[in-house]
């Protein structure tokens, strides 16, 4: 057996020390924590300082405060202090921050400073909800095509191109009065919106959304929805939420620790938009016009809408203001103590409403709510004076709960397109805890059973193999912690399975050494031969499992993916530990003896 | 300690007609069951909703049914275990059904706590199904490609057949017993595909090595028997250690890991069986002979180990 050079020993022990260090935080129990972060779009000066001040003033015992940028994590001694602190922080820090309960490894600070974190737990282990949402792209293209119809028509009119335009499903059909203008018209449309692709037909043109146009439109709508969802999730007050796009029309939302899934569903998917529109009082006063409108023929430029608490009225189609100009909304009560939503507008919105109301004092202004695809008027108060950036709305049979929810939805903005829940997985807290127990039981049980068997069966080389197994455990834990990929229950199963399969490499090596010894080689040469000759088979074994692991990763979803990640990483770490680490250990056990080694212990 | 080093070579290959008929029968039973009984697919693949609730006091199945029917939920299957674990399955396309059924149960038992809800919409379930089938295909193709590069075609086909046998065997067992086939079980099947091929590879490598070293008149069956015998110790220890890890999952892994671990157990046992009683016999049946190993390639010299 050739001796392992010192640098190899150094390198291997260096890696193992790092692995031990980075897997250390995962071994500490979790402590109750509060996570504080700014809501998207909000700003607060010195959030960190203020948080510390609030805690100090309230005399709350804190174990540790970590601050990274605008997110702060406070570790408490027990969960009573944690809950008390949340109450105070929520009141003192106001509505611009999210104050969420969480847990965190109680590892000492110096580990944290080294960037060593505990393994992140997946939803099935910590409890919570995972939604897969699908964005209704048909709605988006439909809206795009109907607005394109108008835009194209206006653009052609501007160039004095006489035409008629109609929409047939996904195509705009444009008939030209003068066929010679075809080329010209194509240019105009192409310049109006490059997302339209125009082709000439026998009697005019047809325009459809081009495939890149479709991608752009989808991209924009899904992106906007992600932003809105992010703001809405902020309102739910969960720690470490995940909102991410998946594919071209889906969004994953993961809310750890959330229990009230019904409320989450109602808030996330809700389509709520607010519009301020003038009331056509003159037409509404006439019974005959109103009756005709009820039969579907409204006067041009108006629309018949009903009040949320009964009755209907004709409302102008022109929108004075939409929810987009609302920068803040909170619920409270009006002077009479009735539930109300207080609104604050941005500069543009304030300008718009000021200009509109100035000349229309005494007229009615309809506050129109589009909620869950139903359009209704909350109230239509008379304009008593010029309105400014701040005003309130009430009425429509709105109670405090409704006012609260409406304020929340207005704050977070409207969804660009409807979304539908296509998959939901909710794990209750008791199941999460059970899953951790099951997973850890499988890993430790597997480790002990395999370790004892191998240790007994192969003597000193068995102990060496067990050493390699421990090294594998450390390396895999450290890798999972550093990568930050959430560990799931199938992941823990993969962990246990990896430990069982990783030992295969050592079995191959040990069996080979036994055979070489039986074949008459001296112990040192037998060990040497055992390691070098077994490598090809070890590679073979790992390669085929890796093929399966990669296919699982690419084609698998959620839980299966977690299994695949651990399986693949485990193969990599086990190659290192089974071959290099065990070889280094064998070298330590036998390599230092001078002269010939006459006997080795391999069972 | 040496427990698995037989003094004499096994004599298996001579009886390969009998074992072949036996294997074919087993596979046939699996295939018949898969066609007639099919698999008991979990909500992942069928779509719908599954709700698990822990009840704090005794509520009769009848009361639960009545409460659920009153809320207009689509005809749920109710499964109530002795320990108060209630499982509801509904073929619903409305994600709110989960919240509604929890509310209905809470009206009977206010302390009832939610364990889990799994809602899988029709688009997602069909995607999971397709992707699962694709993954199975991709892994099979990947392994076939690997084997065809690694071995002469007769051996490659032998190993592939052995491998597919393992998959059919796991699926057949799940179908026969009516165990639930979920995403984790599929993951176990795929892991076994990658894992079990290895056993045939080790035996075939040894066959190749022994054939070259053996005298010209030694029957190829004896070479196979000798190779199986020589690798027996490794086979038992390797599979034994993997099985110990899986055993820990069966014992300590709770309900959540049970079927996953069960699929692995069947797969591990099946892969020992098939690498010995299927891979070799199929290769011999396809006409594998000594002549196939006359040309010694560089790869073969390197690859022949253990």
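The values are calculated or read from the model by the stated rules, or taken from the named source; none is laboratory data. Here the structure is a predicted model, which is why all the values come from computation and not from measurement. All Cβ positions, even for glycine, are placed from backbone atoms using ideal geometry, and neighbour counts span all protein chains on display.
Condition check: within 11 Å of chain B (Cβ to nearest Cβ) and at pLDDT 85 or above. Does residue A:476 satisfy that?
no
Within segment A:1-37, track down each residue that is surrounded by fewer than 18 Cβ atoms within 10 Å (Cβ to Cβ) and touching a strand residue (DSSP E or B) at 6+ places or on another chain (Cβ under 9 Å).
A:27, A:28, A:29, A:30
Taking segment B:244-265 on its own, how many of its residues are surrounded by fewer than 21 Cβ atoms within 10 Å (Cβ to Cβ), farther than 18 Å from residue A:559 by Cα and either at the interface with chain A (Cβ under 7 Å from one of its Cβ atoms) or touching a residue at least 24 places away in the same chain (Cβ under 8 Å) (or both)?
Number satisfying all stated conditions: 2.
Among the numbered criteria (1) assigned to a loop (DSSP other than H, G, I, E, B); (2) under 30 Å from residue A:256 (Cβ atoms), which one does residue A:3 miss?
Exception for residue A:3: condition (2).
Considering each of A:272, A:262, A:285 in turn, give the residue that is without any contact (Cβ under 8 Å) to a residue 12 or more places away in the chain, under 30 Å from residue A:235 (Cβ atoms) and surrounded by fewer than 20 Cβ atoms within 10 Å (Cβ to Cβ).
Of the residues listed, the single one that is without any contact (Cβ under 8 Å) to a residue 12 or more places away in the chain, under 30 Å from residue A:235 (Cβ atoms) and surrounded by fewer than 20 Cβ atoms within 10 Å (Cβ to Cβ) is A:262.
What are the residues in segment A:429-445 that are facing another protein chain (nearest Cβ under 7 Å) and either crowded, with 20+ Cβ neighbours inside 10 Å or on the phi > 0 side of the Ramachandran plot (or both), if any?
Selection gives A:431, A:435, A:438, A:442, A:445.
If residue A:553 satisfies every condition in (1) surrounded by fewer than 24 Cβ atoms within 10 Å (Cβ to Cβ); (2) touching a residue at least 60 places away in the same chain (Cβ under 8 Å) but one, which is the exception?
Condition (2) is where residue A:553 drops out.
For segment A:112-119, does any single residue satisfy the condition of being away from chain B (no Cβ under 13 Å) and within 30 Å of residue B:95 (Cβ to Cβ)?
No, the conditions are met nowhere in segment A:112-119.
Can you find, within segment B:126-144, the residue that is surrounded by the fewest Cβ atoms within 10 Å (Cβ to Cβ) among those that are facing chain A (nearest Cβ under 8 Å) and within 21 Å of residue B:195 (Cα to Cα)?
The qualifying residue surrounded by the fewest Cβ atoms within 10 Å (Cβ to Cβ) is B:134.
Would you point out which residue out of A:262, A:340 is part of a helix (DSSP H, G or I) and in contact with a helix residue (DSSP H, G or I) (Cβ under 9 Å, 6 or more places away or on another chain)?
Answer to the check: A:262.
Just the residues that are more than 45 Å from the chain's Cα centre (by Cα), within 11 Å of another protein chain (Cβ to nearest Cβ), buried (at least 22 other Cβ atoms within 10 Å of the Cβ) and in a helix (DSSP H, G or I), please, taken from segment A:446-461.
Answer for segment A:446-461, where residues must be more than 45 Å from the chain's Cα centre (by Cα), within 11 Å of another protein chain (Cβ to nearest Cβ), buried (at least 22 other Cβ atoms within 10 Å of the Cβ) and in a helix (DSSP H, G or I): just A:457.
Can you list the helices (runs of 4 or more DSSP H) found entirely within segment A:108-195 that contain at least 2 residues being in contact with a strand residue (DSSP E or B) (Cβ under 6 Å, 6 or more places away or on another chain)?
Correct list: A:123-126, A:137-158, A:182-192.
Here is a yes/no grid of residues against (1) in contact with a helix residue (DSSP H, G or I) (Cβ under 6 Å, 6 or more places away or on another chain); (2) part of a helix (DSSP H, G or I):
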{"position": "A:12", "(1), (2)": "yes, yes"}
{"position": "A:21", "(1), (2)": "no, yes"}
{"position": "A:44", "(1), (2)": "no, no"}
{"position": "A:54", "(1), (2)": "yes, yes"}
{"position": "A:60", "(1), (2)": "yes, no"}
{"position": "A:66", "(1), (2)": "no, no"}
{"position": "A:73", "(1), (2)": "no, no"}
{"position": "A:81", "(1), (2)": "no, yes"}
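Just a yes or no: is a residue in segment A:480-488 surrounded by 24 or more Cβ atoms within 10 Å (Cβ to Cβ), facing another protein chain (nearest Cβ under 9 Å) and closer than 14 Å to residue A:570 by Cβ?
No, segment A:480-488 contains no residue that is surrounded by 24 or more Cβ atoms within 10 Å (Cβ to Cβ), facing another protein chain (nearest Cβ under 9 Å) and closer than 14 Å to residue A:570 by Cβ.
In this structure, does residue B:150 turn out to be within 31 Å of the chain's Cα centre (by Cα) and either more than 30 Å from residue B:274 (Cβ to Cβ) or away from chain A (no Cβ under 14 Å) (or both)?
The answer is no for residue B:150.
Among A:283, A:330, which is assigned to a strand (DSSP E or B), modelled with pLDDT of 80 or more and at negative phi?
Among A:283, A:330, only A:330 is assigned to a strand (DSSP E or B), modelled with pLDDT of 80 or more and at negative phi.
Could you tell me whether residue B:226 is under 19 Å from residue B:26 (Cβ atoms), more than 10 Å from every other protein chain (Cβ to nearest Cβ) and part of a helix (DSSP H, G or I)?
no
Being in contact with a helix residue (DSSP H, G or I) (Cβ under 7 Å, 6 or more places away or on another chain) and either within 9 Å of another protein chain (Cβ to nearest Cβ) or buried (at least 24 other Cβ atoms within 10 Å of the Cβ) (or both) is true for just one of B:175, B:200. Which residue is that?
B:200
When you go through A:386, A:424, A:420 one by one, which is the residue that is at the interface with chain B (Cβ under 7 Å from one of its Cβ atoms) and not in a helix (DSSP H, G or I)?
A:424
Please pick out the residue among B:287, B:240, B:280 that is more than 14 Å from every other protein chain (Cβ to nearest Cβ), assigned to a helix (DSSP H, G or I) and at pLDDT below 90.
The conditions single out B:280.
Can you name the condition, by its number, that residue A:464 falls short on among (1) in contact with a helix residue (DSSP H, G or I) (Cβ under 7 Å, 6 or more places away or on another chain); (2) closer than 21 Å to residue A:16 by Cβ; (3) at the interface with another protein chain (Cβ under 10 Å from one of its Cβ atoms)?
Failed condition: (3).
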